[in-house]
Amino acid sequence: MRIWQHFLNMILPPRCIKCGQVLSERNGICADCFAKITFISAPLCHCCGRPFAGGADVKFGAVQYCGECLRRKKRLFMMQRSAFIYNDESKDLILNLKFRDRTGTAETLAGLLYAAGNDIWKEKPDLIIPVPIHRLRLLQRRYNQSALLCKYLAQKTGIAADYAALVRQRNTVPQVQLSGTARRNNLKQAFAVVYPQNIKGRKIVLIDDVSTTGSTLNECAKVLHKAGAAAIYSLTLARTED
Ligand SMILES: [Zn+2]
Ligand SMILES: [Zn+2]
């Protein structure tokens with residue numbers, strides 16, 4: 001095994017999953033790239049996970065909520081967390097995983113998800129579910145990047161992953177290409193629960209790569225609630241800054 005690893009490192013040296021710099025370990029992020037990524041850490045809203053700008057009224061270590069979450073009467077999500085901010089520095093990590101066939105990066109990225117989900121794991125969820133992609137897009141791309149992240153997360157947490165209960169029944173246009181009303185209509189009935197028996201009474205963590213407007217996650221959460229989910233959490237690699 002070690003001889004094989006040595007040989008593999010000679011012909012195919014391990015590289016940083018963001019910039020491609022040669023590293024001593026396989027599937028890592030180099031120190032330079034790591035420093036440039038804006039990781040999300042406390043203080044943040046306990047519910048939506050939005051990071052608070054540091055200030056005198058922000059107590060570290062205390063459970064706090066943002067104004068929006070305090071005002072909201074009904075919460076779709078018990079808790080939402082993301083590993084880092086989606087910006088020019090972190091974009092490549094997502095694009096490599098999503099479009100450039102760099103599926104080897106999924107395990108490292110799942111490690112970041114695992115750390116970001118610390119508060120969620122304490123709630124002892126029953127199931128992790130990837131945001132599904134439509135079967136036609138699956139044929140075209142050959143894999144669902146969120147399902148890949150789920151696979152490694154399931155290994156790390158010991159929590160079961162379910163890839164079948166929630167499906168995307170409509171092949172929608174990417175949300176970023178739309179605005180306002182078109183965005184809301186685009187996702188109408190896009191998702192469906194086909195195995196409600198897997199969902200009923202369960203505490204579910206939804207996994208996705210990026211959350212921009214949050215509307216995709218919201219639509220998934222709505223159908224999971226309808227199917228009787230006990231609680232829903234979301235965990236994404238990146239989120240846009242508001
Ligand atoms: Zn790098
Ligand atoms: Zn909040």
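Computed values, structure above
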quantity: Leading residue by the ranking (surrounded by the most Cβ atoms within 10 Å (Cβ to Cβ)) among those in region 108-130 that are in contact with a Lys or Arg (Cβ under 8 Å, 6 or more places away or on another chain) and assigned to a loop (DSSP other than H, G, I, E, B); calculated: Gly117
quantity: All positions within region 16-43 that are small (Gly, Ala, Ser) and within 16 Å of ligand 2 (Cβ to nearest atom); calculated: Ser41, Ala42
quantity: Cβ pairs under 7 Å, 6+ apart, first in region 9-21 and within 12 Å of Arg102 (Cβ to Cβ), second of a type in the set (Val, Ile, Thr); calculated: Arg15/Val22; Cys16/Ile29; Ile17/Ile29; Ile17/Thr105; Ile17/Thr108; Lys18/Ile29
quantity: Conditions (1) without any contact (Cβ under 8 Å) to a residue 40 or more places away in the chain; (2) under 23 Å from Leu12 (Cβ atoms): number failed by Ile133; calculated: (2)
quantity: Lone qualifier among Thr38, Thr108 - being within 16 Å of ligand 1 (Cβ to nearest atom), touching a Gly at 6+ places or on another chain (Cβ under 8 Å) and either under 22 Å from Leu206 (Cα atoms) or not basic (Lys, Arg) (or both); calculated: Thr108
quantity: Qualifying positions in region 93-108 - aliphatic (A, V, I, L, M) and touching a helix residue (DSSP H, G or I) at 6+ places or on another chain (Cβ under 6 Å); calculated: Leu97, Ala106
quantity: Which numbered condition Ser90 misses (of (1) within 29 Å of Ala53 (Cβ to Cβ); (2) in contact (Cβ under 8 Å) with a residue 40 or more places away in the chain; (3) loosely packed, with under 13 Cβ neighbours inside 10 Å); calculated: (3)
quantity: Residue selected from region 1-56 under the condition under 21 Å from Glu89 (Cβ atoms) and at pLDDT below 75, by the criterion farthest from the chain's Cα centre (by Cα); calculated: Gly54
quantity: Helices (runs of 4 or more DSSP H) contained entirely in region 134-242, each with at least 3 residues that are more than 27 Å from Cys66 (Cα to Cα) and under 17 Å from the mean Cα position of the chain (by Cα); calculated: 145-157
quantity: From the options Gln197, Gln145, Gln189, Gln169, residue that is without any contact (Cβ under 8 Å) to a residue 12 or more places away in the chain and of a type in the set (S, T, N, Q); calculated: Gln197
quantity: Neighbours by Cβ (under 7 Å, 6+ apart or cross-chain): first from region 107-121, among the charged types (D, E, K, R); second assigned to a helix (DSSP H, G or I); calculated: Glu107/Tyr152
quantity: Condition check for Leu97: buried (at least 16 other Cβ atoms within 10 Å of the Cβ), at pLDDT below 90 and closer than 16 Å to Phe39 by Cβ; calculated: no
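The values are calculated or read from the model by the stated rules, or taken from the named source; none is laboratory data. None of the values given here were measured: they were computed from a predicted structure. For neighbour counting, all protein chains shown are included, and Cβ atoms are generated from backbone atoms with ideal geometry for every residue, glycine included.
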